[in-house]
């Protein structure tokens, strides 16, 4: 297992999307640039980018294995502007479609063979609790896009936030419930919900997660920024309740860039302050995945592993 071991507890340390020092870079483009091209040139350009990004995903996983990193969050921009209303496309539009599929499946096979857990964490504009129908429709399209990539790579989860309050948390949660149940069952099966640093706390989400069978991803930094009266121990227990037996829960950790006494506690620091790692987590009787959300990327993951002596 590609993890750190503390006693009998196995912590799977996760890297989020990018590297600082590793020679792995993912390409992107913009809708404004693509609109200047003919459709044939546009699809050729996008096909080349998506194929290279698929190969770079393989390289990223090879690097993760070498560094002892046991989880990797795949960027939502692996296929740039996939659902854009003017320049969007489908994988089958590409001349390299089959090569891209094969490359992504090989990346997924490598991840399975080396016990590297894959996930997605779409941007916060994916809001199925929105009162605006067009926002919900766009969010559904994006979730289906993420499912397509998750299905090809074997990525286990698509982690999202519930969204804004829109005047009433109760009404927003009810809209989420209704719209979630309209999603294709295969998409629903990969969705997880995360507490955020502004609106929805672990206690806000726990009942909904239990009702709909959605695993709760516990972000301890968000909980510290947006407390609900629960201790870290209690919130951790709530999170574990929502993960089915045999499924490894996900936690997120980060440290505030300017410290906890600053006016802005939400921005992420380059590295994790070891003091921000909950000592309670070392006493858990259940293995877990810990995504390290830090600007220094793989360097921060490696330093935290060293700080925890794993």
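See the values below:
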read-out: Which numbered condition residue 99 fails, given (1) crowded, with 16+ Cβ neighbours inside 10 Å; (2) farther than 30 Å from residue 248 by Cβ; (3) more than 20 Å from the chain's Cα centre (by Cα); value: (1)
read-out: Within region 109-140, tally of residues that are surrounded by 15 or more Cβ atoms within 10 Å (Cβ to Cβ) and in a helix (DSSP H, G or I); value: 7
read-out: Subset tally (residues that are under 17 Å from the mean Cα position of the chain (by Cα) and either surrounded by fewer than 19 Cβ atoms within 10 Å (Cβ to Cβ) or not in a strand (DSSP E or B) (or both)) for region 211-222; value: 5
read-out: Among residues of region 232-265, those that are in a loop (DSSP other than H, G, I, E, B), surrounded by 14 or more Cβ atoms within 10 Å (Cβ to Cβ) and under 20 Å from the mean Cα position of the chain (by Cα), counted; value: 5
read-out: Among residues of region 270-286, those that are at pLDDT 95 or above and farther than 21 Å from residue 260 by Cα, counted; value: 0
read-out: Hits in region 17-38 (condition: outside any loop (DSSP other than H, G, I, E, B) and either at pLDDT below 95 or touching a helix residue (DSSP H, G or I) at 6+ places or on another chain (Cβ under 9 Å) (or both)); value: 33, 34
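The values are calculated or read from the model by the stated rules, or taken from the named source; none is laboratory data. Everything quoted here is computed from the prediction, not taken from an experiment. Quick reminder, even Gly has a Cβ in these numbers, built from the backbone with ideal geometry, and neighbours come from all protein chains shown.
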